[in-house]
Amino acid sequence: MADLAGPLRSLRDSLHALLIRIGDDPGRSNRVTGSILKVNQLLIDGATGDDGVSNHLRQLTERIAALKPGTGGKFDAVMGELETVLTSLG
Amino acid sequence: LIKNIHIGHFIGLAACLGLAACATNVIRIDRANTMTAAGRIATDKTRALMDDVRSENRRFLIDLVASDSRCAIGKGVDPIIVYPPRKGLRLCRGNAAAGRGDFVVRRLTKTDFAPSLTVIEGLVAYLDAVDAIASRKPLDLDGTIGGAYDDLQGTLDDVATITQSEPLLPALSADQRNAVKGTLDLLGEILDQAVKVDDLRKLERSLNPAAFTTNLAALTTINGRWLDRLDAEVDSRKALVTARLLRTRSFAERRGLAGEQLGLLEQAEMLQQLELQLARTVTALDTAHAAYVRLLFGTGRDMTLSEKRKAAAITRGRLRTALSSLANLITAF
């Protein structure tokens with residue numbers, strides 16, 4: 001089990017950028033904000049995981065970076081997957 | 001009177017210059033003093049960091065409560081963040097019990113900082129003891145050292161209780177427990193030896209120089225944990241402020257939020273500097289301690305007087321550089 005601080009910090013940066021791209025959509029903004037707070041909580045707790053989790057987080061970071069405003073279906077799919085992973089970590 | 005003082009100084013200086021042991025003692029005291037000075041700076045910086053963490057935790061809670069009316073704080077009440085977020089634009093769960101994935105934003109209290117603070121007090125007590133030993137002053141066994149030892153023992157008991165009853169701080173508690181235990185052993189060694197030997201020089205020889213380095217590593221870990229916490233709470237506030245700013249139309253409100261957002265970005269940048277500065281203070285202390293240990297236990301004992309003076313000057317120079325960079329430190333928070 002390895003420290004997930006690196007992948008979690010990159011993910012966090014990607015989520016902050018997404019928050020700005022979303023603009024004033026309150027529903028989505030709330031969802032992204034919640035995930036940023038969750039990532040920070042995991043960083044405080046010193047979350048750990050295996051290589052599989054680490055790679056999954058990196059992959060999600062890239063997919064979040066590629067999300068464009070207005071892509072409703074994709075947004076829900078990526079965020080749903082992210083929420084499942086983060087919930088499994090603690 | 002002035003003339004007599006000068007004569008006294010001259011005789012003392014002449015006596016010292018004539019005796020290698022006296023010169024060694026002068027260098028030893030000099031190094032012990034620089035080490036205790038570096039130690040105090042390193043421990044003071046950690047204390048200041050803990051103050052910053054507490055202030056930031058407070059600001060984060062205020063921003064959270066301002067963001068959602070269900071995020072409440074009170075005596076024994078901490079906001080529970082709903083995760084994954086539900087529809088209805090709520091961040092907090094209100095009075096309901098936490099579900100799987102949900103997390104609590106805890107208000108940090110003095111109790112949370114107690115283990116780290118006692119480790120710092122323990123390290124300061126150790127440095128004071130080294131200072132007393134090197135200067136051939138009586139050891140304050142019942143006061144500083146004994147007090148710090150008792151506090152550490154009490155904290156170790158408390159941390160064991162906290163770990164059992166408080167699952168929210170598992171990583172921090174494990175580190176703290178190790179750090180407290182290490183410092184406790186260090187002081188215990190001084191206390192044990194002090195009652196066995198009547199000559200402080202024997203006590204000096206019996207100290208384990210590696211133990212202090214291990215405890216410095218504990219101080220670095222403590223700093224790291226608190227810095228991570230500070231970083232996480234600054235970042236969470238950044239998210240709350242950004243989200244609010246994106247939804248706000250009023251110029252006055254946007255102006256206030258934009259100012260806060262900029263301040264948080266600057267704080268995040270300062271954190272990296274703060275991390276470097278803290279690491280530097282611990283390294284300076286480690287270097288000073290290593291030089292002192294070499295003089296007492298290593299090949300330094302066989303050096304000539306001029307070599308010892310040269311070595312002492314190099315140590316002082318290194319410390320001066322590290323300390324002056326600290327003096328220029330911009331206070332981030």
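The values are calculated or read from the model by the stated rules, or taken from the named source; none is laboratory data. The shown structure was predicted, so the numbers you read here are calculated from the model rather than taken from an experiment. FYI the Cβ positions are ideal-geometry reconstructions off the backbone, even for glycines, and counts take in every protein chain you see.
Quick rundown of the values:
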item	result
Residue in segment A:55-62 that is within 13 Å of another protein chain (Cβ to nearest Cβ) and touching a helix residue (DSSP H, G or I) at 6+ places or on another chain (Cβ under 7 Å) present	no
Members of segment B:69-96 that are under 23 Å from A:L89 (Cβ atoms), over 36 Å from the mean Cα position of the chain (by Cα) and more than 12 Å from chain A (Cβ to nearest Cβ)	B:A96
Residue, surrounded by the fewest Cβ atoms within 10 Å (Cβ to Cβ), within segment B:217-251, restricted to residues that are of a type in the set (D, E) and without any contact (Cβ under 8 Å) to a residue 40 or more places away in the chain	B:D228
Count of residues meeting criterion [among the small types (G, A, S) and surrounded by fewer than 19 Cβ atoms within 10 Å (Cβ to Cβ)] in segment B:39-71	4
Which numbered condition A:D45 fails, given (1) more than 8 Å from every other protein chain (Cβ to nearest Cβ); (2) surrounded by fewer than 22 Cβ atoms within 10 Å (Cβ to Cβ)	(1)
Near pairs, Cβ below 9 angstrom, 6+ apart or cross-chain, from segment A:29-44 (under 13 Å from B:L246 (Cβ atoms)) to any residue that is part of a helix (DSSP H, G or I) and β-branched (V, I, T)	A:S29/A:I22; A:S29/B:T242; A:V32/A:I22; A:V32/A:I64; A:T33/B:T242
Flag for B:Y149 being part of a helix (DSSP H, G or I), surrounded by 14 or more Cβ atoms within 10 Å (Cβ to Cβ) and modelled with pLDDT of 75 or more	yes
Condition check for A:V39: within 19 Å of B:W226 (Cβ to Cβ), of a type in the set (V, I, T) and at pLDDT 95 or above	yes
Filtered residues of segment A:22-33 (kept if more than 15 Å from A:R9 (Cα to Cα) and assigned to a helix (DSSP H, G or I))	A:I22, A:P26, A:G27, A:R28, A:S29, A:N30, A:R31
Selection from segment A:65-90 of residues that are surrounded by 14 or more Cβ atoms within 10 Å (Cβ to Cβ), within 14 Å of chain B (Cβ to nearest Cβ) and assigned to a helix (DSSP H, G or I)	A:F75, A:V78, A:M79, A:E81, A:L82, A:E83, A:V85, A:L86, A:T87, A:L89
